[in-house]
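Taking it in order: structure first as C-alpha cells, then the write-up.
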Amino acid sequence: MRINATDLQNAFGKYLALTEKEDIIITKNGRSVAKLTRYNEPDYFLLHEEALKYKTTRKISYEEYRELVESSDQRYELIDGEVYLLASPAFDHQVAVNEIAWHFYNYFKGKPCRSLTAPLDVRLFGYAAKFEEDPNVVQPDIVVVCDEEKVNADNRYEGIPSLVVEVLSPSTKGKDMVTKLNLYMKSGVREYWIVDLAERSIAHYAFSPERDIERLTIFREDETVRSPLFPGLEIRLPDLFGEIRPKPRQD
C-alpha cells in the first residue's frame, strides 16, 4: 500500500494496524521516501538443538523462561541464561533410555533413592547458594534422586541429583558433553554417564565433593559400567547396545 506523508500523520494508528497485513510505502511529493513494516521480536536467545551455530544477543531471566514455557507446548532447558529447544528423541535414543531405566528401576526398588526419566524439570544453581542466584532448568534423560524432600510445593525438584544419565543425539552432543558436564559438576552431582550410541560406549564421570572431575572412564561395547556411588549398580554394555540397531557403514 502507498500513502502520502500527510495521510500518515492524520491516521498513523490506522496504518500502523495495517502493517499486520502488508507493508506501507510512504510518499512525499510523489516520491517514495520510507516504508512502514511490521516488526517481529527476534528470538535469537532460543538455541535450537538442530542448529550447528548459535546466535545469541543476551541472557534471559528465569521469569522470561517461565513465560516461554507456559505459552508453548514445546520442551525447553535453561542453562546459564540461554534457552535450548528440546528436539523429539529418536527411536534408538528411547530404546537406550528405556533399557537403562529398567536396570535402574530394578536396582533402586525398595531403596531410599529413586530413578526418574524425562520429562522432569531439574532445577540446579551451580555454585550459588540458592536457585534465584543462578537459575538453571534441565531435563536429563535419567536422574537418580536421593533427596526427595527437595521437591517443592509446586511439585518441582530443586535438589542435587546423585547420578545423571544423558543419551547423546547428534543435535545434543556438544551441549551434553560440555555445557551440561560443567553444570552438573559445579552443581554437586556425583556421577554423570554419557551414552554414545554412535560409538557404542559410555563416558563415566565421577565428581569429587569439591566439585571437580575425580575420574573419567570410557567403557566400550564389551565392558560393564559400574557405579562407584551405588555398589551393585551395573550394566553390561553388550546388553545395552544389543538392543540398538547397528548403523549402516558409510563407504
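Nothing in this text is a laboratory measurement; each read-out follows from the coordinates by a stated rule. Since we're looking at a predicted model, the values are computed, not measured. With ideal geometry, Cβ positions are generated from the backbone for all residues, glycine too; neighbour counts draw on all protein chains shown.
Phi angles of the stretch 183-191 translate, via the Karplus equation with coefficients 6.51, -1.76, 1.60 and θ = phi - 60°, into HN-Hα couplings of 5, 5, 5, 6, 8, x, 4, 9, 9 Hz per residue; Gly and Pro are given as x. Scanning residues 5 or more positions from Gly159 or on other chains, those with amide H under 5 Å from its amide H are Arg123, with H placed 1.01 Å from N in the peptide plane. When Rg and the Kirkwood Rh are both derived from Cα coordinates, the Rg/Rh ratio for the stretch 47-205 amounts to 0.94.
For Tyr76, nonlocal amide neighbours, meaning residues 5 or more places apart or on other chains whose placed amide H falls under 5 Å from its own, are Leu86.
Couplings 3J(HN,Hα) of the stretch 101-106, computed from phi: 4, 5, 4, 5, 4, 5 Hz, in residue order, whole Hz [Karplus 6.51 cos²θ - 1.76 cosθ + 1.60, θ = phi - 60°; x for Gly and Pro]. Compactness of the stretch 113-251 is given as radius of gyration and Dmax, 15.6, 55 Å, from Cα positions.
Take each of the peptides 226-239, 206-219, average the number of other beta-carbon atoms within 10 Å over its residues, and list them starting from the highest.
Details: 226-239: 14.6, 206-219: 12.9.
Going from most to least packed, we get 226-239, 206-219.
The count of lysine pairs in the stretch 86-239 with alpha-carbon distances below 21 Å, taking only pairs 8 or more places apart or on different chains, stands at 9. Close amide H pairs (under 5 Å, H built 1.01 Å from N) link Thr27 with Ile3, Asn4, Ala5, Val33, residues at least 5 positions away or on another chain.
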